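What follows is a set of notes on a single structure, which appears directly below.
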Amino acid sequence: MKKYLMLVGSPPACGKSYVSMELAKKLDNPVYLDKDTIIPLSKMVFKAGNAPYNRDSDFFKEYVRDAEYVAIMDVAFESLTFNNHVIVNAPFAKEYRNKDYINNLKEKLKTYDAELIPIWVHCDTEVCHQRMIKRNSDRDTWKLANWEEYVAGQNYSTPDLEGIFVIDNSSTESFQNDLEKLLKVL
C-alpha cells in the first residue's frame with residue numbers, strides 16, 4: 001500500500017488543526033502530528049535564552065522556529081516506517097515556498113515508498129482574525145495586538161507548488177467539497 005506524508009500548511013488561525021483532524025478521522029489509523037505540541041519545549045528555549053516569549057521575535061526566528069520543523073519532521077519520517085498516512089499540521093510558510101526543501105522531502109520519501117501530499121488551507125483574513133480572538137492563546141498575543149502589521153507580514157497566497165491541494169476553510173460547504181476531492185486521491 002502506498003504511503004503518504006501530508007503536510008497541512010497555512011498562516012495561523014486558517015484552520016489547519018481543524019482540517020488536519022477532520023482528514024485524520026476519514027483515514028485508517030493515521031499518525032497526526034501538530035507542531036504546536038512541541039511549544040512547551042520551545043518555551044524552555046526562550047527561558048534558557050532569557051528572552052521574552054514571543055513567537056514573532058527575532059529570537060524565535062533565529063533559535064526556535066527551524067528547530068521545531070526539524071523535530072516534527074523527524075518524528076513524521078519515523079512514523080512513516082509503521083503507518084501509511086502521516087499528517088503534519090504546521091504553517092510551512094517558508095518551506096512551501098522553498099523548492100529545494102520540497103525536492104529534498106520528495107527524495108527522502110522515496111526511501112519510504114511514500115508520496116508527498118502538500119495541502120494549503122485557505123481562509124479569509126477576517127475569519128482568521130475572529131478565530132484567533134476566540135482561541136485566546138498566548139502564542140497570538142503579539143499578533144492580535146499588532147493585527148495590521150501581522151497580516152501585512154503574512155503570505156496568504158497559495159504557494160506555487162506542484163500538486164498542492166487547496167482546502168478553502170472559509171465556510172463549511174467549501175471545506176467539505178475540498179476535503180472530498182482530497183480523499184479521492186488518498
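Some observations on this one:
- Positive-end extreme of charge dipole, the chain - chosen from 20, 10, 85 (charges on Cβ): 85
- In degrees, nearest ten, helix 16-26 long axis to first principal axis of the chain (Cα): 30 degrees
- Its alpha carbons considered, the chain gives a radius of gyration followed by a Dmax of 16.4, 49 Å.
- Accessible surface calculations at 1.4 Å, restricted to protein heavy atoms, place the stretch 1-159 at 52 Å² per residue.
- Leading residue at positive end of dipole, the stretch 75-172 (Cβ point charges), from 142, 165, 127: 142
- Carbon/sulfur fraction of accessible area - the chain, other protein chains in place, 1.4 Å, %: 52 percent
- Test item: Cα-centred dipole of the chain, Lys/Arg +1 and Asp/Glu -1 on Cβ, debye: 340 debye
- Anchor residue 143: lysines whose Cα lies under 19 Å away (excluding residues fewer than 8 positions away in-chain): 16, 35, 43, 61, 94, 134
- The angle separating the long axis of helix 99-110 from the principal Cα axis of greatest extent in the chain is about 40 degrees.
- Helix-only CD estimate at 222 nm, as mean residue ellipticity for the chain, using -39500 (n - 2.57) per DSSP H run (n ≥ 4): -13500 deg cm²/dmol
- Applying a 4.7 Å Cβ-Cβ cutoff to the chain, the cysteines left without a disulfide-compatible partner are 128.
- Angle between the chain longest axis and helix 172-185 axis [Cα atoms, degrees, rounded to 10]: 40 degrees
- The phi-based Karplus calculation (6.51 cos²θ - 1.76 cosθ + 1.60; θ = phi - 60°) puts the 3J(HN,Hα) values of the stretch 78-93 at 4, 5, 5, 5, 10, 10, 8, 10, 10, 10, 10, 9, 6, x, 6, 4 Hz, whole numbers, x for Gly and Pro.
- Computed over the chain, relative contact order equals 34 percent, with contacts defined as Cα pairs under 8 Å that lie 6+ residues apart.
- Applying a DSSP loop filter and a limit of 16 other Cβ atoms within 10 Å to the GluC sites (Glu not before Pro) in the stretch 80-173 leaves 162.
- Selected from 86, 64, 166 as most flexible by GNM, with the chain as the system and alpha-carbon contacts under 10 Å: 64
- Amide H to amide H distances under 5 Å link residue 117 with 5, 6, 7, where only residues 5 or more positions off or on other chains count and H is placed in the peptide plane.
- Backbone geometry of the stretch 48-65 corresponds, through the Karplus equation with coefficients 6.51, -1.76 and 1.60 at θ = phi - 60°, to 3J(HN,Hα) couplings of 5, x, 6, 10, x, 5, 8, 6, 10, 7, 4, 4, 4, 5, 7, 10, 10, 3 Hz, x marking Gly and Pro.
- Coil-residue trypsin sites (Lys or Arg not before Pro) of the stretch 109-186, DSSP, other Cβ within 10 Å capped at 13: none
- Taking the stretch 28-93 and dividing mean pair separation by its residue count, relative contact order in percent (alpha carbons under 8 Å, at least six apart): 56 percent
The values are calculated or read from the model by the stated rules, or taken from the named source; none is laboratory data. Just so we're clear, the structure is a prediction, and the values are computed from it rather than from any experiment. Reconstructed Cβ throughout: ideal geometry from the backbone, glycine too, with neighbour counts over all protein chains shown. Note: areas computed on protein heavy atoms with side chains; ligands, DNA, RNA excluded. Shrake-Rupley method; radii C 1.70, N 1.55, O 1.52, S 1.80 Å.
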